[in-house]
Amino acid sequence: MALNITALIVFVALFGLVTYMGFAASRWKKADLDQLHEWGLGGRRFGTLLIWFLIGGDLYTAYTFIAVPAGLFGAGALFFFAVPYTIMVYPLVYLVFPRLWSVAHKHGYVTSADFVRGRYGNKWLALVVALTGLLATMPYIALQLVGIQVVIGAMGVETSGFFGDLPLIIAFVILAAFTYSSGLRAPAMIAIVKDALIYLTMFAILIAVPMKLGGYGAIFAAIPAPKLLLAVPPAGTGGAFSAYATLAFGSALALFLYPHSITGVLSSSSARVVRKNAAMLPAYSMLLGLLALVGFMAVALGVSSMPEFAEGFKRYSNNFSVPALILNVFPSWFVGVAFAAIAIGALVPAAIMSIATANTYTRNIYKEFINPGCTDAQESQMAKYVSLVVKLGALVFIFAVPFQYALWLQLLGGVWIIQTLPSVILGLYTRWLNGWALFLGWAAGFGCGTYLVILNGFGPVFPFKAFGFTLPCYIALAMVVLNLVVSVVLSVVLNAVASDRHKDATVATDYV
Amino acid sequence: MSDNPDDHKPMRPVMWARALLLVPFVAMLWVSSYNTAEPMIGGIPFFYWYQLAWIAISAALIGFVYWLER
């Protein structure tokens, strides 16, 4: 691929702008960054609009914008489950997460494991919740890098060998530096630019490509029938329908348990801000849904058979479909804008994820187990260091490990993080469940889930068979049901012989 | 942009309205109700525009519940 100079100049200029903003953010809503809740939660004072940008930038990542269209491009309708997934998320956010905000605000909780620690008085349960969050987030950060790598490669910059890795290293050093100095304020500020660029790119694609191809009718007419709709299941199986529904529902249950989602929720200035955002964030889902269709546009354009893109597809497989479409349709300067949107779109979630993992490590492992007497300043300093280590880890991961492993680990991450649902979400409503029962329920779900994913060759959907009926089900969803059954049954037993309900540091009025 | 004093007033839950928030789950989990190409709108098959429409419907439902409880 030839070097695309115009695109590269626009790209670097926009990247420079957000770098400046990232550093400037430390002086914004000025406060003492030696406090963990200031560095790691922006002082819990982000209002409705800022939270909209922040969580939007946090959840709808660059990787999403590359991978979801790539899924439709390659496999078709099944990957549209991202849409019902994001539809089902927000009623849950509206109902559940204002409660978490309230109790966290009252008790100074910074992570979900903090809440579990206070609610159950069980530091081992809190530890596994914290470790699960760390494990699930790390590969997610690494995947964000893939988004940057693909667009840099697509501009014709050589991305193999040491000098090929250099642009990515530079991008990550910049990211690490401003996260270190500004904390959550940096991604909050950059998210505004990122979203403006993403919306701009999106509307340009949605107008320009159908015009070029002769309307949406022509685009869908080019899609082969097996990709256009789900296969109707034969008798005796839930088939593609149950796969689609369980993938959407399980993903919706898991999404807000990720540490970076919880960081977004807890940085809100009030529970009301969380509720308002549950109604406003679907605007991003609409963006995602429309963007998913870009995968079909890439099919209709026939980018995969264009000789100039052969190398890109060979190197990045279907993840190259969106960049290829952008290169094919737009003039160079706008290619620079669109690719900057994707790359900056990777920086925002990567920053928030590293902050969330730093908060979790510092609060729930360092302070709990290593240095209980640490001062606020030591705690905040430790979080800053950890945010660097986490990003370094992601960088090493992406260079040292085949890309496929990051995908596998991210799939496992979903199966793992959902296992914190009984402790965190049910814990917001009832203290009936026993801490040790939840611990064993977590262990059952985590262990069996990992085993099933590996047994299944790292496919997310496992065909469960019972009474002559086959139910293909997203493994995460099936395993959280197992977790719940174990937690409930053991709670009956343990509450009778060794109730731990007196260890609750919270009271009912903390939740409203 | 932050610290709007109205944001800190307590909200009163309206339970019948919250039941409305279950509707998007029923609609989306009932896959067989929307896995068809017809009727199309502007060349977009039903499967796609129906689910995109539900993004807006569920956002409106959440907004309505917030408005009742505000």
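Structure summary
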| read-out | value |
| --- | --- |
| Spans of helices (runs of 4 or more DSSP H) in region A:211-317 with at least 1 residues more than 9 Å from chain B (Cβ to nearest Cβ), open to solvent by 10 Å² or more (accessible area, probe 1.4 Å) and more than 25 Å from B:Leu29 (Cβ to Cβ) | A:259-266, A:282-301, A:310-316 |
| Matching residues, region A:413-422, being open to solvent by less than 10 Å² (accessible area, probe 1.4 Å) and either in a loop (DSSP other than H, G, I, E, B) or among the hydrophobic types (A, V, I, L, M, F, W, C) (or both) | A:Val415, A:Ile417, A:Ile418 |
| Residues of region A:423-480 classified as crowded, with 19+ Cβ neighbours inside 10 Å, closer than 30 Å to A:Ala235 by Cβ, touching a Gly at 6+ places or on another chain (Cβ under 9 Å) and not aliphatic (A, V, I, L, M), total | 4 |
| Selection count where residues are over 31 Å from the mean Cα position of the chain (by Cα) and at negative phi, scope region A:208-223 | 7 |
| Failed item, numbered, when B:Val23 is tested on (1) at the interface with chain A (Cβ under 7 Å from one of its Cβ atoms); (2) open to solvent by 20 Å² or more (accessible area, probe 1.4 Å); (3) touching a Leu at 6+ places or on another chain (Cβ under 7 Å) | (1) |
| Total residues in region A:119-147, condition assigned to a helix (DSSP H, G or I), under 15 Å from A:Thr506 (Cβ atoms) and open to solvent by 10 Å² or more (accessible area, probe 1.4 Å) | 1 |
| Residue among A:Phe73, A:Phe65, A:Phe80 that alone is closer than 21 Å to A:Leu301 by Cα and at the interface with another protein chain (Cβ under 9 Å from one of its Cβ atoms) | A:Phe80 |
| Selected residue (criterion: least open to solvent (accessible area, probe 1.4 Å)) from residues of region A:14-49 that are under 18 Å from A:Lys194 (Cα atoms) and without any contact (Cβ under 8 Å) to a residue 40 or more places away in the chain | A:Gly16 |
| Condition met for A:Val265 (in contact with a strand residue (DSSP E or B) (Cβ under 6 Å, 6 or more places away or on another chain) and within 20 Å of A:Ile352 (Cα to Cα)) | no |
| Residue within region A:492-504 that is surrounded by 13 or more Cβ atoms within 10 Å (Cβ to Cβ) and within 14 Å of chain B (Cβ to nearest Cβ) present | no |
| Count of residues meeting criterion [in a loop (DSSP other than H, G, I, E, B) and of a type in the set (Phe, Trp, Tyr)] in region B:5-54 | 2 |
| Of residues in region A:444-470 being touching a strand residue (DSSP E or B) at 6+ places or on another chain (Cβ under 9 Å) and part of a helix (DSSP H, G or I), the one farthest from A:Val486 (Cα to Cα) | A:Leu455 |
| Evaluation of B:Pro39 against (1) in contact with a Leu (Cβ under 7 Å, 6 or more places away or on another chain); (2) of a type outside the set (A, V, I, L, M); (3) more than 8 Å from chain A (Cβ to nearest Cβ) (one fails), failing number | (1) |
| Breaking point among (1) assigned to a helix (DSSP H, G or I); (2) more than 14 Å from every other protein chain (Cβ to nearest Cβ); (3) more than 25 Å from A:Ile152 (Cα to Cα), for A:Gly43 | (2) |
| Top-ranked residue in region A:83-95 [being over 13 Å from B:Trp54 (Cβ atoms) and open to solvent by less than 10 Å² (accessible area, probe 1.4 Å); ranked as nearest to the other protein chains (Cβ to nearest Cβ)] | A:Tyr94 |
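Here is a yes/no grid of residues against (1) within 22 Å of A:Leu59 (Cβ to Cβ); (2) crowded, with 24+ Cβ neighbours inside 10 Å; (3) within 22 Å of the chain's Cα centre (by Cα):
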| site | (1), (2), (3) |
| --- | --- |
| A:Asn328 | no, no, no |
| A:Val335 | no, yes, no |
| A:Tyr366 | no, no, no |
| A:Pro372 | no, no, no |
| A:Leu392 | no, no, yes |
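The values are calculated or read from the model by the stated rules, or taken from the named source; none is laboratory data. For clarity, every value in this text was computed on a predicted model and none was experimentally measured. Neighbour counts are summed over all protein chains in view; Cβ atoms, including those assigned to glycine, are modelled from backbone coordinates with ideal geometry. These accessible areas exclude ligands, DNA and RNA; they are computed on the full protein's heavy atoms, side chains included. Shrake-Rupley method; radii C 1.70, N 1.55, O 1.52, S 1.80 Å.
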